[in-house]
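Worksheet: the structure to be examined is printed underneath.
The values are calculated or read from the model by the stated rules, or taken from the named source; none is laboratory data. Just so we're clear, the structure is a prediction, and the values are computed from it rather than from any experiment. Cβ: placed from backbone, ideal geometry, glycine included. Neighbour counts: every protein chain shown.
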Amino acid sequence: MSSETSSAAAIGDVEGVSLYDADNPAPVIEPPRKRTSKTPKASRGNFEMYAWLFMRLSGILLTVLVIGHLLIQLVLDGGVSKIGFAFVAGRWASPFWQAWDLIMLWLAMLHGGNGLRTVINDYAERDNTRFWLKMLLYTATVFTVLLGTLVIFTFDPNIR
């Protein structure tokens, strides 16, 4: 019987450390990663959880906004052939359509920016590269959001 116990322990041994406890026959599983000096501290708070939650909620809202936009613009209003300067001027004369397009713009840019931030964090290996890619992403996102907001609110249908 002792030979069976020692062979079972030998099978589960990893680098001389037994995975079996004498009092508990279930294997003791070590955590997959150990914290190192390069591991981010827990002081970042819950930012990643809120970013994850934002992606789910904004994705649902964007789906509703975009499908509604496509149905209204393309199906109910006669298709792409009717979209032109006068069509946009007529739409943006209404605060409802300004708000609809503004919400769509902001959510799409923040949703896409957050997704690309995650990709950069996952695939940029060097800290310096990661920093500059994220700075470029943040600059492009802020620029696009500000420019789009400016266009929506300052659109003048009487330009000649």
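Worth a mention:
- Options His111, His69; residue that is over 17 Å from Leu150 (Cα atoms) and in contact with a Ser or Thr (Cβ under 9 Å, 6 or more places away or on another chain): His111
- Residue in segment 138-147 that is within 27 Å of Leu70 (Cβ to Cβ), more than 21 Å from the chain's Cα centre (by Cα) and not acidic (Asp, Glu) present: yes
- Some residue of segment 107-128 being aromatic (Phe, Trp, Tyr), part of a helix (DSSP H, G or I) and surrounded by 12 or more Cβ atoms within 10 Å (Cβ to Cβ): no
- Lone unmet requirement of (1) in a helix (DSSP H, G or I); (2) modelled with pLDDT under 95; (3) among the hydrophobic types (A, V, I, L, M, F, W, C) for Ala93: (1)
- Search result, residues across segment 127-158 that are of a type in the set (D, E, K, R) and at pLDDT 95 or above: Arg130, Lys134
- Screening Leu65 on (1) over 23 Å from the mean Cα position of the chain (by Cα); (2) surrounded by 13 or more Cβ atoms within 10 Å (Cβ to Cβ) shows it passes everything except condition (1).
- Qualifying positions in segment 113-160 - within 30 Å of Val88 (Cα to Cα), small (Gly, Ala, Ser) and either touching a helix residue (DSSP H, G or I) at 6+ places or on another chain (Cβ under 6 Å) or not assigned by TED's automatic domain parsing to the domain that holds Gly59 (or both): Gly113, Gly148
- Pair list, Cβ under 8 Å, 6 or more apart: segment 112-140 residue among the hydrophobic types (A, V, I, L, M, F, W, C), other residue assigned to a loop (DSSP other than H, G, I, E, B): Leu133/Ala124
- Within segment 48-85, being in a loop (DSSP other than H, G, I, E, B) and of a type in the set (Val, Ile, Thr) holds for one residue alone: Ile83.
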